[in-house]
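The values are calculated or read from the model by the stated rules, or taken from the named source; none is laboratory data. Just so you know, these numbers come straight off a predicted model, no measurement behind them. So basically every Cβ, Gly included, is an ideal-geometry build from the backbone, and we count neighbours across all protein chains shown.
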Amino acid sequence: MAACLGDGDHTTVTRGWYLALLALFGLLALVFYYPLALVLSMAFKGPNGWSFSAIESVITDPYYVHLILFTVKQAAYSTLLSLGIGLVGAYILARYNFPGKRTIRSLTVIPFVLPAIVVALGFILFFGNSGYLNRTLMSLFGLPHPPFRILYSLVGIVLAHAFYNAPIVMRVVGASWEGLDPSIDEAAQSLGVGRWRRFIGITLPRLMPAILSSSALVFVFTFLSFPIVLTLGGARYATIEVGIYTLVRTLLDYNHGAALILVEIVISLSFTYLYLRTEGRMAIVTQGSRRMPQRALFALPVDAGKVLIALYALLMGVFFLGPIVSIIIDSLHSAQSWGIANYAQLVSQRYSPFLGTSPLATVRTSLIIGSLATLASLLVGMTIAFFVVRAKIIGRWAIEAALMAPLAVSSVAIGFALLRGLSGPPLRLGGTLVAIIIAHAVLIYPFVVRVLRPILEGLDVQLVEAARSLGSSRLHAFLDIELPLLRRGLLVAAVFAFALSMGEMSATIILIRPGLSTIPIAVYGLLSARQFGAASAMAVVLIAVTAIAFISIDRLGGRRLNA
Amino acid sequence: MPELAVSDLHKSFGDVHAVNGLDLTLAEGEILALLGPSGCGKTTTLRLIAGFDRPDQGTIVLHGRDLLPLPPEKRKIGFVFQNYALFPHMTVAQNIAYGIRYAPRHTERVRELIVLVDLSGLERRYPRELSSGQCQRVALARALAPQPRLLLLDEPLSALDAKLRESLRREIRRIQQEVKLATLHVTHDQDEAMAISDRMAVMHAGRIEQIGTPSEIYSHPESAFVASFIGHANVIAGTITSVSEERLEMDASGTMLRAAASGRDFHPGEDVLLFCKEEKLRLADDGQKTVSARVIIAEYHGETVIVHLESRIGPLRLRMPAGMASNMSAGMQVSVCLPPEECDVFPQKTLS
């Protein structure tokens, strides 16, 4: 397949790469390529054998066309709103200095790992017609009707997506903005160019790669978003993901489901490509020898800009904290009284009809899946990261693309693929916990690669050579040198992986069998049954587990290896 | 029997022949400097010997043992990297101990080495807490710890400032003499190569152009490349006019120049290059064969002055003791003599 370029030392490494690659591709063939191919082949089948009728109807039937167009529309609106909110935040992060800035910057990671079903629950509790926001405003101003009626509409979906994705824009663009070389702007200033013309003509073009890259990322995320649309879209609004779910889970119409997956992959792949292209260019633009000058936010004089910033901060505080605080308040509220009844029930209840099992068993199932999926995705992700960074093999680019392919396939599609691919031979894992663990690992390992890759790239390969010239085999060099130096990266990746697995609902809901439940599935089940108190208690458990995982990064690995 | 024997070594990366038929031997306890411009293949040669890369062709024998089938960890070769490659998560002592950590009495050996490289008191520091000179000493001690049969130094001093470079190269020489270790020292700095080595090999385009003691190479370059690379030579193009037993005569833009015959065959009409080191040029009395020249600028370098001249045979540089150059000023007319016995002549086409 690929020929060795000659590099890589002797005996072990080159042959080792081929063996590792072979094992990796064998594994992925079983749990990803074959199941996906099986499902995609169903798009080309009709009642009487091979046919294009499913694909044809998906791209011509008004129902499907509307579904596809709505998916694109909501993703576009969500991207625009996320950009609007995120760019203002990026500007503040880049140009102002204030206490708590680092905290805010690290908080921007949270939406990325906050399970979508939790966000959906928070939105219902906070923005719902009888949610905390409406109730507060009604009692404050004596209104007869709730002033905000935004749930179960396009607005609700777009707002929830912005909650999720604006912090991504803020993070990516903010970092790029702070890294800009200020002397270019100063040169323009010395030539007498005005403030707005400098921004449009000089700053904006240099931010463009970051803006484009984060927009493409947000577009793909919102295009493939499932739990938010499922819960906040109501009966009228559905996206491709929801459409696939309905076809596969409710109507058992696999052929049209598969055809929709095909369309979805084509659209999301083109945006993923755009993202990867622009991300690659970013490294070149953001190189400044000096830091951007920053102003203190909490210092005199107070100008119009600072007043606007305060207003923005207030709105964002309500927007981001409102839903999360609502969940916590609601979890302490049941049957018209305050207290820990919801949590007590969570611990004591032997069987919940909404879960099909006990709440504790649900938590246990999630922890088991989370730990094993983390382990599996770390192993696969680390192997791939090593391959991508260390191996010098012709055709590496193509191999890398094939290895990272799950990034381009939606969670629901992967769930569907594994539902079909794992039920039959060779693995026969239909309905088992293992199938769910596999789905999570396949979904998560590309993120592990993305965390580990830059760290590994910064790790000088001469350290390995030094260890080997001192008598260590390649394996020992890995264990003695690379592994300890990767420790922090591995911890970060592990916590990310665990958080993502704990919150995963899209693939799980397709694969799970009755009598088995995970925390997000339970939240969704309780939410659908309008058991908000119990749903909130479950969601708080999920948030707590994720938060503990994140705090433990600092405790375990944050200290020593900062060099 | 030589300690290290490398013969007919070849290595290409794609279309680039990094090492192209290299032969080299190293005696026991000898330090050989591998000198050449960047990209001449000297680092690749070291990496091939260490086993980090695999040669396309050739043999490498160390102490009678064929190295090629062996992975780097089995070769008993110490390697010191240009950027030190110290393990950042280990202390000085742990770095030095890494290659011998399973050996009995390794703590004593580490203590010995720390004294040898003069790092006492820094055992528990991490590499990020050391200066670059100290890092290089750790790297050296670490490479010496397992008592290798051969030490490879890959531009070990190039990241240091000039003063430190000089003191550390004396140190490397001292340590190498103390442990009597065959050493191959790659550098692009000829001062360093001459100061540190028993013999030096000048590399060019993937092979060795000349190998010999520093003074042999300095005074008797055997190729146009070595003549131009070592020292600072004036290069004058011309055509051979006559060849005799003991001298060559050539015509350079109408001026007749002489050089001592070097045993190389030339024929009249052949295009050649004449090399004459700038400190060998002399200001002449009228009686001798001279070239008249005009002073452009006299550059002050402390001990010496380099006088830049313009002449019929092209620009010339002449280095003289500072005390004798006090009257040199721009525009002054002088006569310059190129002593035939100090001039080397090579065919023009050999310098590519």
Being of a type in the set (Ser, Thr, Tyr), part of a helix (DSSP H, G or I), in contact (Cβ under 8 Å) with a residue 12 or more places away in the chain and away from chain A (no Cβ under 14 Å), is that true of even one residue in the stretch B:152-163? no
Restricting attention to the stretch B:33-81, report how many residues are within 14 Å of B:Asp154 (Cα to Cα) and touching a strand residue (DSSP E or B) at 6+ places or on another chain (Cβ under 7 Å). 19
Identify the single condition in (1) more than 9 Å from every other protein chain (Cβ to nearest Cβ); (2) modelled with pLDDT of 90 or more; (3) buried (at least 23 other Cβ atoms within 10 Å of the Cβ) that B:Thr59 does not satisfy, given that it satisfies every other one. (3)
Sole miss for A:Gln189 among (1) touching a residue at least 40 places away in the same chain (Cβ under 8 Å); (2) surrounded by fewer than 22 Cβ atoms within 10 Å (Cβ to Cβ); (3) over 27 Å from A:Tyr237 (Cβ atoms) is condition (1)
All but one of (1) within 9 Å of chain A (Cβ to nearest Cβ); (2) surrounded by 23 or more Cβ atoms within 10 Å (Cβ to Cβ) hold for B:Cys40; which doesn't? (1)
Residues that are modelled with pLDDT of 90 or more, assigned to a helix (DSSP H, G or I) and of a type in the set (A, V, I, L, M, F, W, C), drawn from the stretch B:103-135: B:Val110, B:Leu113, B:Ile114, B:Val115, B:Cys135
Counted residues, the stretch B:76-89 - those being touching a residue at least 60 places away in the same chain (Cβ under 8 Å) and either part of a strand (DSSP E or B) or at the interface with chain A (Cβ under 8 Å from one of its Cβ atoms) (or both): 6
Restricting to helices (runs of 4 or more DSSP H) lying wholly in the stretch A:1-66: which have 3 or more residues that are within 29 Å of A:Leu443 (Cα to Cα) and at pLDDT 90 or above? A:12-28, A:34-42
Of residues in the stretch A:468-485 being at the interface with another protein chain (Cβ under 7 Å from one of its Cβ atoms) and crowded, with 20+ Cβ neighbours inside 10 Å, the one nearest to the chain's Cα centre (by Cα): A:Leu485
How many residues does the stretch B:129-146 hold that are under 24 Å from the mean Cα position of the chain (by Cα), surrounded by fewer than 24 Cβ atoms within 10 Å (Cβ to Cβ) and small (Gly, Ala, Ser)? 2
For B:Ala33, work out the one condition from (1) within 26 Å of B:Val226 (Cα to Cα); (2) in contact with a helix residue (DSSP H, G or I) (Cβ under 6 Å, 6 or more places away or on another chain); (3) at the interface with chain A (Cβ under 9 Å from one of its Cβ atoms) it doesn't fulfil. (3)
Would you point out the residue of the stretch B:188-218, among those that are touching an Asp or Glu at 6+ places or on another chain (Cβ under 6 Å) and touching a residue at least 60 places away in the same chain (Cβ under 8 Å), that is farthest from B:Ile49 (Cα to Cα)? B:Asp198
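Here is a yes/no grid of residues against (1) touching a residue at least 12 places away in the same chain (Cβ under 8 Å); (2) surrounded by fewer than 23 Cβ atoms within 10 Å (Cβ to Cβ); (3) of a type outside the set (Gly, Ala, Ser):
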| site | (1), (2), (3) |
| --- | --- |
| A:Arg135 | no, yes, yes |
| A:Met138 | no, yes, yes |
| A:Val158 | yes, no, yes |
| A:Gly174 | yes, no, no |
Looking at (1) surrounded by fewer than 22 Cβ atoms within 10 Å (Cβ to Cβ); (2) away from chain B (no Cβ under 14 Å), which is the only condition A:Leu500 fails? (1)
Of those in the stretch A:447-467 that are of a type outside the set (A, V, I, L, M, F, W, C) and within 8 Å of chain B (Cβ to nearest Cβ), the residue farthest from A:Ala408 (Cα to Cα) is A:Glu465
On the basis of being farther than 18 Å from A:Leu314 by Cβ and surrounded by 15 or more Cβ atoms within 10 Å (Cβ to Cβ), does A:Ile104 make the cut? no
Test: A:Ser423 is of a type in the set (S, T, N, Q) and touching a Ser or Thr at 6+ places or on another chain (Cβ under 6 Å): no
The stretch B:90-102 - residue that is assigned to a loop (DSSP other than H, G, I, E, B) and of a type in the set (Ser, Thr, Tyr) and, of those, nearest to the other protein chains (Cβ to nearest Cβ): B:Tyr102
Criterion first (closer than 27 Å to B:Arg109 by Cα, outside any helix (DSSP H, G or I), within 14 Å of chain A (Cβ to nearest Cβ) and in contact with a helix residue (DSSP H, G or I) (Cβ under 6 Å, 6 or more places away or on another chain)) does B:Arg142 satisfy it? no
